[in-house]
Every structure is written in C-alpha cells, then in structure tokens.
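Report on one structure; see the data block that follows.
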Amino acid sequence: MSKDRKSKMARRSRRTCWREPPGNSMTAVSKSIYFFALSLLLVAISFTLDAQELKKLPRIGILEPATAAAVSARVEAFRQGLRALGYTEGQNIAIEYRYANGKPESLPDFG
C-alpha cells in the first residue's frame, strides 16, 4: 500500500467515531422526535374520541289519527307539561310526531 492510501484510511477511520455503535440506528434527536410525534398522535386521538361521544336522548313518540292542526292545542299542552318537569325538546328529550290525517288505519304503519 502506498503512504497516501494508508493516511486516507487512517483519516477515514478517525471520522467514523461520531457514528452510533452497530445495532443502534436511532440517534438521541430522532428518538425524541419519534416520542414527541407519538405523544402528539395519542393526544389527538383522545380528543377525537371525546368529540364522537354522543348523548342518547329519551325519545317520545306521538301517534295521532287527526291532522297536526286539529291537535296542536293538545300537543302544546303536552310540551308545557314536559317543560314544567324540566324537559326541553331537543336538549334533554326528543319528541317524534306522526299524524294519520284522518286515516286511523294508517297508524300501524307509523308505529
């Protein structure tokens, strides 16, 4: 071997001392970035899980053989009674209305 080649090899071997030992490919900086990204992902997932939690409302169904206009006074009295008990339609109770419009034979289809 020539003297220049030996000196190049010696310089090259000295330059490799900054590298990680074999088998440990992640540096301290890349490990911290990895754990930061993993933590951020877990926090983001926890917020989306909270946002998807839906509260089920109690549901009341009203079946009327008449038209909506004919029973509007009774329906309003029913709503006032619910309000007196602390229920607000759409917030803590759901009410579904079905009217047969004078055809009581169609009520089973609604139920």
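The values are calculated or read from the model by the stated rules, or taken from the named source; none is laboratory data. If you're wondering where the values come from, they're calculated on a predicted model, not measured in any experiment. So basically every Cβ, Gly included, is an ideal-geometry build from the backbone, and we count neighbours across all protein chains shown.
Only a single item in (1) surrounded by 10 or more Cβ atoms within 10 Å (Cβ to Cβ); (2) modelled with pLDDT under 80; (3) at positive phi is not met by GLY23, and it is number (1). Scoring GLY102 on the criteria (1) on the phi > 0 side of the Ramachandran plot; (2) under 35 Å from the mean Cα position of the chain (by Cα) leaves a single failure, condition (2). Tallying residues that are at pLDDT below 90 and acidic (Asp, Glu) within segment 54-77 yields 1. The set of residues in segment 80-111 that are assigned to a loop (DSSP other than H, G, I, E, B) and either surrounded by 13 or more Cβ atoms within 10 Å (Cβ to Cβ) or not hydrophobic (A, V, I, L, M, F, W, C) (or both) comprises GLY86, TYR87, THR88, GLY90, GLN91, ASN92, ALA100, ASN101, GLY102, LYS103, GLY111.
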